[in-house]
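Single-structure report; data block below.
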Amino acid sequence: MIVLFKVASGATGLAQRCLDEATKYSLERKTFGVPIAMHQAVSFMLADMEIGVQNSRAAWMRAAWEVDQNGPRKTFLSSIAKCYAADFANKAAADAVQIFGGNGYNSEYPVEKLMRDAKVFQIYEGTSQIQRLIIARNLIQDAK
Ligand SMILES: Cc1cc2nc3c(=O)[nH]c(=O)nc-3n(C[C@H](O)[C@H](O)[C@H](O)COP(=O)(O)OP(=O)(O)OC[C@H]3O[C@@H](n4cnc5c(N)ncnc54)[C@H](O)[C@@H]3O)c2cc1C
């Protein structure tokens with residue numbers, strides 16, 4: 001469980017970096033005479049990143065608290081945190097690449113590496129599918 005919320009905190013850090021890089025770039029890069037951050041479609045991606053970062057952080061902190069208390073939901077909450085933060089890090093990285101446009105695909109800019117690095121969070125320490133299995137089993141057990 002400890003490893004799971006630690007992995008979730010790492011994924012959250014990656015998502016935060018995606019947001020930081022994308023925000024900075026979107027204020028520098030101009031199209032149609034304005035920074036691309038002023039285009040609503042781009043600003044909504046930034047807003048979604050902030051929402052996901054905050055949710056990921058809240059999820060792993062909640063799981064960490066439960067583990068610290070040796071609470072009965074420590075496995076359930078750790079799986080939720082790991083699964084959510086890992087999946088969200090991949091969305092954040094994909095959106096960051098999108099905001100960088102062609103430059104996002106280029107290794108001179110940081111976000112293509114963030115997208116490669118994000119993937120492993122859905123694989124190691126239990127894939128996202130296995131986390132969902134654990135979450136579903138806990139739900140079913142509780143409902144019985
Ligand atoms: C960079 C990296 C570092 C790693 N470090 C370690 C380490 O330090 N120690 C260690 O022990 N392992 C480590 N691993 C291994 C990692 O834990 C496994 O890769 C991971 O658990 C997935 O197992 P697998 O690769 O055998 O995939 P498989 O088990 O073959 O899974 C393949 C796919 O099938 C899905 N799947 C499998 N079974 C089910 C099921 N029952 N229901 C639904 N979907 C399912 C999986 O989610 C996945 O999408 C590392 C892996 C990587 C990439």
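The values are calculated or read from the model by the stated rules, or taken from the named source; none is laboratory data. Please read these numbers as outputs of a predicted model, since none were measured by experiment. Glycine gets a Cβ as well: all are built from the backbone with ideal geometry, and neighbour counts include every protein chain shown. Ligands, DNA and RNA are stripped out before the accessible areas are found, and what is left, the full protein with its side chains, is counted by its heavy atoms. Shrake-Rupley method; radii C 1.70, N 1.55, O 1.52, S 1.80 Å.
Once the range 50-76 is narrowed to residues that are buried (at least 20 other Cβ atoms within 10 Å of the Cβ) and under 13 Å from the mean Cα position of the chain (by Cα), the residue that is nearest to A86 (Cα to Cα) is S56. Quick check: is even one residue across the range 52-72 assigned to a loop (DSSP other than H, G, I, E, B) and in contact with a helix residue (DSSP H, G or I) (Cβ under 6 Å, 6 or more places away or on another chain)? Taking every residue of the range 52-72 in turn, none turns out to be assigned to a loop (DSSP other than H, G, I, E, B) and in contact with a helix residue (DSSP H, G or I) (Cβ under 6 Å, 6 or more places away or on another chain). Evaluate the following for M45: is it farther than 22 Å from D117 by Cα and at pLDDT 95 or above? Against the criterion (farther than 22 Å from D117 by Cα and at pLDDT 95 or above), M45 does not qualify.
Restricting attention to the range 119-134, the residues being within 7 Å of the ligand (Cβ to nearest atom) and among the aromatic types (F, W, Y) number 1. Just one of the listed residues (R137, R116) is within 16 Å of the ligand (Cβ to nearest atom), among the charged types (D, E, K, R) and under 20 Å from D20 (Cβ atoms), namely R116. Taken over the range 93-129, the criterion of being open to solvent by 80 Å² or more (accessible area, probe 1.4 Å) and assigned to a helix (DSSP H, G or I) is satisfied by Q98, Y105, K113, M115, R116, K119, Q129.
Considered as a group, the residues in the range 1-49 that are of a type outside the set (A, V, I, L, M), under 19 Å from F121 (Cα atoms) and touching a Leu at 6+ places or on another chain (Cβ under 7 Å) include one that is most open to solvent (accessible area, probe 1.4 Å), and that residue is R17.
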